[in-house]
1. Return the only residue of Glu207, Glu222, Glu247, Glu215 being free of Cβ contacts under 8 Å to residues at least 12 places away in the same chain and acidic (Asp, Glu).
2. Looking only at residues that are touching a residue at least 40 places away in the same chain (Cβ under 8 Å) and not in a helix (DSSP H, G or I) in the range 30-64, which one is nearest to Asp183 (Cα to Cα)?
3. Go through (1) in contact with a strand residue (DSSP E or B) (Cβ under 6 Å, 6 or more places away or on another chain); (2) at pLDDT below 85; (3) not aromatic (Phe, Trp, Tyr) and name the single condition Ser233 misses.
4. If I ask for residues that are among the aliphatic types (A, V, I, L, M) and modelled with pLDDT under 90, which ones from the range 239-268 would you list?
5. Answer yes or no as to whether Glu295 is among the acidic types (Asp, Glu), over 30 Å from Gly224 (Cα atoms) and surrounded by 11 or more Cβ atoms within 10 Å (Cβ to Cβ).
6. From (1) without any contact (Cβ under 8 Å) to a residue 24 or more places away in the chain; (2) touching a Lys or Arg at 6+ places or on another chain (Cβ under 6 Å); (3) not basic (Lys, Arg), pick out the condition that doesn't hold for Asn124.
7. Taking the range 107-121 as the region of interest, how many residues are in contact (Cβ under 8 Å) with a residue 60 or more places away in the chain and either surrounded by fewer than 19 Cβ atoms within 10 Å (Cβ to Cβ) or hydroxyl-bearing (Ser, Thr, Tyr) (or both)?
Amino acid sequence: MMTSYKETGIKIFAEICRLLIGVVFIFSGFVKAVDPVGFAIKIGDYLTAFGLTALKPLALLVALNLVAIEFALGVCMLLGVYRRYTSFLLLLFMSVMTPLTLYLAIFDPVSDCGCFGDAVILTNWETFFKNLVLLGASIFLLLYNQKLFQCFTYKVYWFVALFVYVYCLVFSVWNYKNLPLLDFRPYKIGANIPEQMLIPEGMPEDEYEYIFIYEKDGVRKEFGLDNYPATDSTWTFIDTKTVLITEGYKPPIESFTIYDAEGNDQSDLVLDASEPLLLLIVPKLEDASDERIDEINNVYDYALEHDMLFYCITGSSEELIQQWIDISGAEYPFLFADDVLLKTIIRSNPGLVLMKGGTVLMKWHYRNIPEEEEIGAVLTKYLGEKPVNKSKRWIYFNLFGFIVPLLSVWVYDFLRFRRKEEVLENE
């Protein structure tokens with residue numbers, strides 16, 4: 001009887017671990033597949049922190065495949081596919097990531113691990129403790145993987161694993177060639193940038209400790225605000241320092257600075273514009289695609305004819321701007337901003353943003369910039385309706401395209417193989 005209870009307990013706990021790891025890996029893989037450019041940027045940050053900048057050109061390729069592998073492992077674990085191999089690979093994955101995140105937590109070379117993209121931001125210590133739990137669960141699953149329920153027979157394992165990997169890879173590439181299907185950043189369609197910079201009333205502020213350093217008879221000593229010897233002439237003031245004790249609320253957008261060639265702040269020019277405003281965002285002109293130069297120039301001509309503001313904002317130098325003008329024949333005015341800010345606004349180089357009153361109305365990847373004959377109708381449409389990110393239908397479409405093939409294979413597997421096994425067992 002005790003053995004039966006123990007076996008039942010082990011099976012229940014194994015299923016809980018399976019559910020935990022499966023859901024976390026699927027979610028983690030999905031949110032990074034939605035924004036593979038963002039994940040590639042994060043991998044680039046890792047490579048820079050570890051002195052491996054020579055490998056940065058491979059960041060996107062690594063990001064696409066790592067996301068697909070992570071998602072496939074999560075689905076295979078959740079569905080009980082290749083239980084032994086999947087649990088081993090999961091343990092191997094966590095055995096690498098857990099020490100890595102401990103290093104990140106201690107030395108903080110990268111502030112955000114990027115494990116859940118921009119959807120959920122964790123500190124490095126939170127990431128480490130999360131990985132400790134997943135590491136323990138993966139060890140348990142390796143020991144008791146044969147107690148996990150299987151949704152398929154082994155005869156269709158290969159199709160399920162291959163389909164899930166390829167599907168996630170294709171999904172990631174689609175999001176790379178277009179804009180992310182889901183935008184978790186504060187510059188998503190419909191967001192008002194000035195509102196995203198506000199700190200709501202009553203939110204906690206940063207708390208600091210002020211330390212004063214004084215010297216007396218060659219000995220230096222630190223004092224606080226309540227006991228520093230301001231009136232004691234025997235002490236000589238040396239220095240002061242500020243230590244952050246508690247971090248307060250941080251708004252989604254902490255800084256939004258745009259300036260002209262003379263260094264003058266032109267942020268209000270963008271945020272306070274009551275008329276329609278088109279921004280050509282080019283984080284780095286030296287890396288920008290020239291595939292749609294004619295379409296960009298056509299949009300500028302349309303804006304000029306219809307008294308719409310149009311600026312190109314870049315993080316590159318004036319010398320590179322002149323090279324871009326020579327290549328593209330650009331006549332539009334240029335402003336400047338940090339390239340990290342520009343990459344956050346839109347995952348395209350170049351990319352086009354339509355704004356009004358500080359609100360993002362629409363964003364286009366350079367591959368999707370409207371053709372000359374479509375510009376008027378497209379801009380009129382987005383200027384005349386409430387800004388809505390119409391990604392919901394695409395989410396449903398992708399869910400349908402993912403679930404239906406797996407469900408069809410499950411039905412085929414049940415009718416062709418599982419029922420036959422059940423008949424043989426009954427005989």
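The values are calculated or read from the model by the stated rules, or taken from the named source; none is laboratory data. Everything numeric here is computed off the predicted structure, so don't read it as measured data. So basically every Cβ, Gly included, is an ideal-geometry build from the backbone, and we count neighbours across all protein chains shown.
1. Glu222
2. Asp35
3. (1)
4. Val243, Leu244, Ile245
5. yes
6. It fails just one condition, (2).
7. 5
Residue-wise test of (1) aromatic (Phe, Trp, Tyr); (2) crowded, with 20+ Cβ neighbours inside 10 Å.
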site: Leu19; (1), (2): no, no
site: Phe39; (1), (2): yes, yes
site: Phe50; (1), (2): yes, no
site: Ala72; (1), (2): no, yes
